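The structure appears below as structure tokens.
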Amino acid sequence: MPTDRIDNSAVLENARLNEEEYRERKVCLKSYPQAIFVQVDGPCNHECLFCSRPKVYSHFDLDRFRSRYEDLLMPVLTRVSRINITGSGELLFLPEAKRNLDYFNRYVHAEKMFATNGSSLVPKMVDHIAVSGNRYTIHVSLHSSNENLHRLITASNSYPVVMENLKYIKKVKREIENLRINYIFVMTSQNARNLKDFIRLAYGNGADGVVVYYYYVYRLDQKSASCYFIKDAVNDILREAEEELDSLTGKDGRQMDLILPPRFGVEYEMSGALCKEAWSQVMVNSGGDIISCDVAGDSRENISGKSDFMEVWNGRYYIDLRRNLIEGKYDCASFCWRANPNTVNDFRSHVITRGKSEEEIRELLEVTEE
Amino acid sequence: MKVVLIQCPVWGTREPPAALVQLSGHLKSLGIDTRCFDLNNHLYRRRSDEISTMWAWEQSMSWYDGGWVRGFFGSISKVIDEFTDAIAGCEPGLAAFSVSASTYHASCFMADMIKRRRRGIKVIFGGPAFLDPGYIGKAFSDSPADFLAIGDGETILPALIRALDTGGPIESCPGLYYRKGKRSVYTGDAGDFSLLDKMAFMDYSDLKIEDYDDAVHVAMMSSRGCVWKCAYCSTRAFARGYRAMSAERIHQEITYHRICNFDAKRKDNLGHIDFMDLEFNGRMDRVKEFCRLMIDYPPCAFLPQMKWVANAIIHPDLDRDMLQMIKDAGCRKLIFGIETGSERVLKLMKKPYSVNVAKRIIKDAFEAGLEVTTNFMFGFPGETEEDFQKTLDFVKEVGKYIERVYPSRTYCAVEQFSYMQEHLEEFGIKPPVNHHLYWETADGTNTYPVRLERCSRFEELCSGLGVKVDCGVKTSVEMDNWYNLGHYYEYGREYAKAAEYFLKYLEKDPKNEIVLSRVKAIRRQQGLTSVMKKELEKYVGREG
């Protein structure tokens, strides 16, 4: 299909129908998802203390992706408004990084999104993205505003490299409009107190936004750094972060988004809101596994061997997921602070149990509060 | 299944073995748990004075002797045991050895050790050794190898690992010889791994660059094969045709390694690339594109420019502008295989360029600010004294533009699988060629000593002209000549002459184990005078 000539009205119509079906709590959908998350795994030069990637994993291969899944996913790729191309490691460090980007750039109607640690976001890649004419949102997982802390969090020496790359992006962004840069701050007990400085750095570098996440515990050794154990301090830090941004924008006038995670001990009004991702997003990995989002539970569907995408989209996994959500049996969203901010006070929402044995889960969830 | 990739001695120690880091990167990118072990570098780093020259290529032949290797490994059994334990500790299901003629015996020994230490492990040998069919049957009888890989590991290993993991049929994995009862069975041609752009980056996580002789560079092979078919060259057997990565792919990998190895505390910061390609400019459009990328997007632009060195062929498109672009892109040095200054000998060699073009390119490269190194051979079959004079004239004319020459220390070898080896008559070489170095022409005018003598005259001229002579020998040129002539005359059973040269050598290096072993071997042979025998006994004793 000549994807550069996709009728944008089909994308808009799909989004409208999808929103409608979500509002109407439909379990079986006529609309396609509005977003697709293609897990693009690549080599990584960081060893972040909160990393979830396995010791060995296969890297993304565009030809394999196309031969196995392109036909099945084409109705999705041609209708989505966002394509997220992120996985373990750095997609821009893949040998065929440009070719991969070029492939997804064919779907010009969709905004592209990916996360990077920033070291691979070199001028060559920035220019390539800039001239593509595609809209890009890039999440730069920086997590700190200084070299020593960055080294502590990432176990790498790349901070100066990342800073040089961000300097170049700042320059390029003055001339183009299709690039949006968010600085990502995964908050742990190690870096939480750096958030105010981080916001200053992001603002000074012309970032469009700062997105703060609580970090998820995947392994036992990661547990102690969870923000769950410094709740009061975190609430103060989040308040100070907002104040800092107010002060910066007050002086300069330039706006910057600040997306913070829910605070501890606060009661949030949910008014029947459901995790929307079960309706709006599909995530596919290199083995063809389909899940609704990156923190989903153990249930999954596999696209291999299916004859039509709708067999998955309206298959057992998604039907059960949507039905459970509608019936208040939150399923994986039961302990997800993204889907339900009130669960932030439960340690289970800070832990990813996917793929773990009962014994491992028990150990992970065991909480000793000082 | 976990896989270990193993490099045995003797091999280079300047950088991590390219075959291992390349294959390891590739296997890991496919999700295969892989670890690399370099016994060669491990032993090199711990070598004693007596065997310090064993890693100098010109004195490395003991490694080709199975008895010596077994004896040596036996004498350092603690080190070998610990190394074997480290490998077995990874609990691998497959041990893959990169095998060449120089590493063959050590690989056989280590394969045996590993098999004893870890029950059920499978062993595979692969590498250039098995281009010689003679090694196939030999490896199955000398070693416990289960499989021999014939071709690119990137193609063969993933299929084999999958089959071993799933219990699939080995017959369906191309490129393998495997044992079936007392027979060996071949599974058919695996084809070449042609998509070099898809190859994952080299992986240095096990073999750290800083643990090798030159800690500031990455050695990269961006193409395989050669666009030419020179008569003396064996590489046509190693790589069919010519395959090259794109400029973009090369630039990606260079950028990746420089970023990954960045350390603000270090000054060098991986500032150098050695292209190991037979020739970097097999496709000039690729060179141009690569240079454009290096100029527009220098890896880590805030650091000093990355420098690179590459082998190049004399290509008419290497004009002034192109050479200037190559220089601007960070190239420090180009190495040309000139080999001769005689137009007639060039034709015999089947090298498709003219001497005048070579002269022009050398001058233009110099004027662009590039260092030029030129390789030369001596006594190519058909080369007359008049032809050799033309080589000397060539250096006299363009020597001022040449930073250094690299005279071949094998002078002119009849390499296995070369066109020349397969057409001895066409080149006037007296058959049979029992030794690739000691061949002579049917008319007797071109012998090993003649070639050595021409090389010496060439070196003398270069030194006189102020052109650096880089022979690649780790001892000295003078000692290398004595060493070579000692071996040559021993091979020809002219023991008195052999003793004469070995004695000269021992005067300078009386503890050299290799020369001492040769002296022990010849001291009771016919033809030695009693004075000479006494001289030899001074070094090895009466009973030695």
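The values are calculated or read from the model by the stated rules, or taken from the named source; none is laboratory data. Just so it is clear, the model here is predicted, and its values are computed rather than measured. Methodologically, a virtual Cβ is constructed for each residue, glycine included, from the backbone with ideal geometry; neighbour enumeration extends over all protein chains shown.
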query: Tell me, which residue of segment B:256-313 that is among the acidic types (Asp, Glu) and within 15 Å of B:Ile209 (Cα to Cα) is farthest from the other protein chains (Cβ to nearest Cβ)?
result: B:Asp274
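Just the residues that are among the basic types (Lys, Arg) and within 14 Å of B:Glu248 (Cα to Cα), please, taken from segment A:63-102.
Scanning segment A:63-102 gives A:Lys98, A:Arg99.
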task: With respect to B:Ala237, determine if the residue is of a type in the set (A, V, I, L, M), touching a Leu at 6+ places or on another chain (Cβ under 7 Å) and away from every other protein chain (no Cβ under 14 Å).
output: yes
- prompt: Can you tell me which of B:Val469, B:Val450 is under 30 Å from B:Thr340 (Cα atoms) and out of contact with any Pro (no Cβ under 9 Å at 6 or more places or on another chain)?
  reply: B:Val450
Top-ranked residue of segment A:304-341 - restricted to ones that are part of a loop (DSSP other than H, G, I, E, B) and in contact with a strand residue (DSSP E or B) (Cβ under 8 Å, 6 or more places away or on another chain), ranked as modelled with the highest pLDDT: A:Gly315
task: Return yes or no: is B:Leu303 over 21 Å from B:Val227 (Cβ atoms) and either hydrophobic (A, V, I, L, M, F, W, C) or in contact with an Asp or Glu (Cβ under 9 Å, 6 or more places away or on another chain) (or both)?
output: yes
message: It is to be established whether one or more residues within segment A:61-71 are closer than 30 Å to A:Ser224 by Cβ and within 14 Å of chain B (Cβ to nearest Cβ).
response: no
message: Every residue in segment B:463-497 that is under 25 Å from the mean Cα position of the chain (by Cα), surrounded by 17 or more Cβ atoms within 10 Å (Cβ to Cβ) and not aliphatic (A, V, I, L, M), please.
response: B:Cys471, B:Thr475, B:Asp480, B:Asn481, B:Trp482, B:Tyr483, B:Asn484, B:Gly486, B:His487, B:Tyr488
message: With basic (Lys, Arg), farther than 26 Å from A:Lys167 by Cα and within 14 Å of another protein chain (Cβ to nearest Cβ) as the only criterion, which of A:Arg82, A:Arg53 stands out?
response: A:Arg53
message: If the requirement is being away from chain A (no Cβ under 14 Å), more than 20 Å from B:Met479 (Cβ to Cβ), in contact with a strand residue (DSSP E or B) (Cβ under 9 Å, 6 or more places away or on another chain) and crowded, with 18+ Cβ neighbours inside 10 Å, which of these qualifies: B:Leu30, B:Leu43, B:Leu23?
response: B:Leu23
message: Name the residue that is farthest from B:Phe262 (Cα to Cα), counting only residues in segment B:212-250 that are aromatic (Phe, Trp, Tyr) and in a loop (DSSP other than H, G, I, E, B).
response: B:Tyr232
task: Go through segment B:300-318 residue by residue and tally those that are in contact with a helix residue (DSSP H, G or I) (Cβ under 7 Å, 6 or more places away or on another chain) and within 29 Å of B:Thr235 (Cβ to Cβ).
output: 6
query: For segment B:416-461, what are the residues that are surrounded by fewer than 17 Cβ atoms within 10 Å (Cβ to Cβ) and among the acidic types (Asp, Glu)?
result: B:Glu422, B:Glu425, B:Glu426, B:Asp443, B:Glu453, B:Glu460
message: Looking at segment A:101-127, I want the residues that are within 12 Å of chain B (Cβ to nearest Cβ) and have a partner that is among the charged types (D, E, K, R) and in a helix (DSSP H, G or I) with Cβ atoms under 8 Å, at least 6 apart or on another chain. Which pairs are those?
response: A:Lys124/B:Asp296; A:Met125/A:Lys98
message: So for segment B:179-201 (the condition being in contact (Cβ under 8 Å) with a residue 12 or more places away in the chain, closer than 26 Å to A:Tyr159 by Cα, assigned to a loop (DSSP other than H, G, I, E, B) and not assigned by TED's automatic domain parsing to the domain that holds B:Asn311), does at least one residue qualify?
response: yes
